[in-house]
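The values are calculated or read from the model by the stated rules, or taken from the named source; none is laboratory data. From a predicted model like this one, the values you see are computed outputs, not experimental measurements. Cβ placement follows ideal geometry from the backbone for every residue including glycine, while neighbour counts extend to all protein chains displayed. Surface areas here come from the heavy atoms of the whole protein model, side chains and all, with no ligands, DNA or RNA. Shrake-Rupley method; radii C 1.70, N 1.55, O 1.52, S 1.80 Å.
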Amino acid sequence: MAKEKKQIPKTTKKDFFYEITGTLTILLCLVLLSELGTVGLILKNLFKVIFGDFYFVVVIYLIGQGIYALVKEKWFDFKSIRFNGFLLFLFSLFLIVHISFIDLYNIESQTILSSSLELYKDSLFKDQFISSYGGGIIGAISAQVFVVLFNKVGALIFAIIFMILSISFMTNLS
């Protein structure tokens, strides 16, 4: 009879990738939200310019992503219908907010993107205070497309339809 070989358990090498990236994501988001030092101010201004007045929604999502990476040791599933609903919700929110930004600063419909970028550039480099960032660069691009194609009222109707669709996707209800 053959002797059974003793199996030596293999030592598994612990990979700390998710712990490190999750912790760094959470720390950077906390620095951004609390505006700690120069880095916090630069990150806040960058996020405001890119995502507009609702930049904190993206920051809260990133904190959640960091916590998820720490707990589950994997990244969130970006192909899920709920995540796509969340992205559609953000897109429609940025569009609605930027349409109100257009009215606030009396921007013509043909020059939405260039006028918005000019205002953002002045606020960053010349320290001119603007009361609202609208939907940021993402909102400016989407507003430029939808307002030129469908006018302001049509763009608002599309944004509301996108909002309803996104809520349907996130709740998984028809």
No solvent, one uniform scatterer per C-alpha: report log10 I(q)/I(0) for region 16-174 via the Debye equation at q = 0.12, 0.13, 0.15, 0.20 1/Å, two decimals. -0.60, -0.70, -0.88, -1.20
At a probe size of 1.4 Å, how large is the accessible area of D15, to the nearest 10 Å²? 110
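At a 1.4 Å probe radius, which order do F129, F78, F47 fall into by accessible area, largest first? Walk me through the numbers before you get to the answer.
Details: F129 180, F78 105, F47 35 Å².
Putting F129, F78, F47 in descending order of accessible area: F129, F78, F47.
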Skip the ligands, DNA and RNA, and give the accessible area per residue of the chain with a 1.4 Å probe, whole Å². 66
For region 1-102, which whole percent of the accessible surface, found with a 1.4 angstrom probe, sits on carbon and sulfur atoms? 69
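Let me check something: with ligands and nucleic acids excluded, how do I137, I67 order by accessible area (1.4 Å probe), largest to smallest? Intermediate results must be reported in sequence, preceding the final value.
Working: I137 55, I67 85 Å².
Of I137, I67, the descending order of accessible area is I67, I137.
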To the nearest 0.05, what FRET efficiency results for K6 and E73 with a Förster distance of 45 Å applied to their C-beta separation? 0.90
TM-like helix rule applied to the chain (DSSP H, alpha carbon span at least 15 Å on the long axis, mean Kyte-Doolittle at least 1.6) gives 17-34, 55-72, 81-104, 136-171
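Determine the order of S174, S132, S92 by accessible area, beginning with the largest, at a probe radius of 1.4 Å. Present the calculation step by step, with values, prior to reporting the outcome.
Values: S174 160, S132 20, S92 0 Å².
The most accessible residue leads, giving S174, S132, S92.
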